[in-house]
Structures are given as structure tokens and as C-alpha cells.
Amino acid sequence: MKTLQLNSIILIVALSALTGCQRTNKALEASLETQFPSVMKKLFNIDVDKSFYITFPDHKNQVQLTEFTEIDTSKDTKPYVKGVLSNNEYYAAWLDYTNITALNISNNKNIFKFVAPYTLTNSNPDSDKNSSLDCHDLPSSALYLGAFELDYLTNNINQYGQQFLGKYSTLTAIDYDGQKAVDVTIRRYPTQADQERKNNSSAHKLMLDVDEGLILVDDAIVE
């Protein structure tokens, strides 16, 4: 794997420190449940009035990430940054920030590119019938990988790509070869009930080309 650029290393160090704080100081995590400037400050050490958005599959709506939270799993708790769609409270985005992965594909030293997994949830699928969103087939839970770029001159984050990974799916691992390929291992479940019970699943390894957005190259069942 190629050596990450200095800006990438700085971000990874900051993320490592943040993760360590979460393990040792629950009071700090509780204090982070505030407004969106805290998201930018804690994730990227940017203390400005900027927002971090997740683009919806219809490419029209965006979810503003506003709070740090966590979900209890069968083994432990999983931290996320969460946001709720402003014009439809049933939809939410959950960014898995502990798996933000820096990329070595930017030719501009002022642009830092990275990928991050996130889950889009719909707490009331029946509401799709009356929704203005152009993605009426969104299940109760859908896992995506997003491609983002942070502009150090403006401190803005732009999402320039997304790849659907699976319905009712959880991330197992993510690995970057330092060049163009990102491998994502996920576990897929046939239904939401299967996902909640952690059974009837299959493991998949997906290879994505990150040089131009996110292009799915291979989807192989490994278990």
C-alpha cells in the first residue's frame, strides 16, 4: 500500500484519537450530541459553521449529519453520526465514521478525498406511497459507500459518488490498496427480521474502483 499523503495521515490520527476517546470517556460522547458544527470539528478538526451532508439516492435530497450517537449490537455498541431528512422525518442517514478511509487519488493538495460507509433507514416504508422522494423502493435499511472530497480552502465537503452495497446489510471490513481499489466485506440478510436475529446471512466481498467516483468491479460470495 502506498504511503498516505500528509493530510490523510493527519485525519487518520485525529480519527484514532476520537475513537480512543469514545472507548474511555462516555461522558464526552454524550456531550457531542449537539449541532452540526460539532460534527465537522470532531471529525475533521474544522471549527466552522459548515455542514456534512449525505446525498440521497434520488440525487435531489440531502441529509444533514447533526449528532453523534450509537446503536447496540449483539456484542457491543457501534458509534455513528446521524442525520434526519428535513422534509421527511421517516428517513435518516447513519455515517459509520470509524471506517472513514483516506484515498491517494487527489492531484490537488487542497483536496482530501475519502470514502465512508453509511446506512440509510426508513422507519415507515408505507410512507413511500405519499413521499415526494424519487426512491420509493428504499427498504427499512440500505447500506452504501460514499465518495467525498474535503476542500481545505473552503472547508466544504462534497459527495461526488455513492455505491449501493446491499439491503439489510452490515459492514465487516474495508480495505484500500493505496491506488484505485477499495475492497468492502459485508454481511447481507434476506429480510430486516433476519438482520435483527443475525441469521440466514451471506458474506460478500465487493471490489470498487475509486479513481472515477465509485464503480462496482466485483461482488463475490465468500461465505
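The values are calculated or read from the model by the stated rules, or taken from the named source; none is laboratory data. Worth saying up front: this structure is predicted, and the values here are computed from it rather than measured. Cβ sites come from the backbone with ideal geometry, for glycine too, and all protein chains shown count toward neighbours. For the accessible areas, the whole protein counts, side chains as well, though only heavy atoms, and no ligand, DNA or RNA atoms are used. Shrake-Rupley method; radii C 1.70, N 1.55, O 1.52, S 1.80 Å.
Table for the structure above
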quantity: Asp209-Asp58 pseudo-label distance in nm [points 7 Å out on the Cα-to-Cβ vector]; calculated: 3.1 nm
quantity: Cα gyration tensor, region 154-215 - rounded (a/c under 1.5), prolate or oblate; calculated: prolate
quantity: Residue-normalised accessible area of region 79-223, expressed per residue, 1.4 Å probe, Å²; calculated: 46 Å²
quantity: Zone of Lys180's modelled label, taken as backbone nitrogen in region 140-154 under 19 Å from a point 7 Å along Cα→Cβ; calculated: 147-148
quantity: Label-point separation, Ser140 to Ile105 (7 Å along Cα→Cβ), nm; calculated: 3.4 nm
quantity: Cα shape, region 83-223, gyration tensor, a/c 1.5 rule; calculated: oblate
quantity: Farthest positive-ward along region 38-116 dipole, Cα basis, beta-carbon charges - from Thr66, Thr101, Thr55; calculated: Thr101
quantity: Per-peptide average of other Cβ atoms within 10 Å, ordering 77-86, 106-115 highest first; calculated: 77-86, 106-115
quantity: C-alpha center-to-center spacing [region 160-218, region 45-117] in angstrom; calculated: 16 Å
quantity: Neighbour net charge for Lys205 - beta-carbon separation under 9 angstrom, K R +1, D E -1; calculated: -3
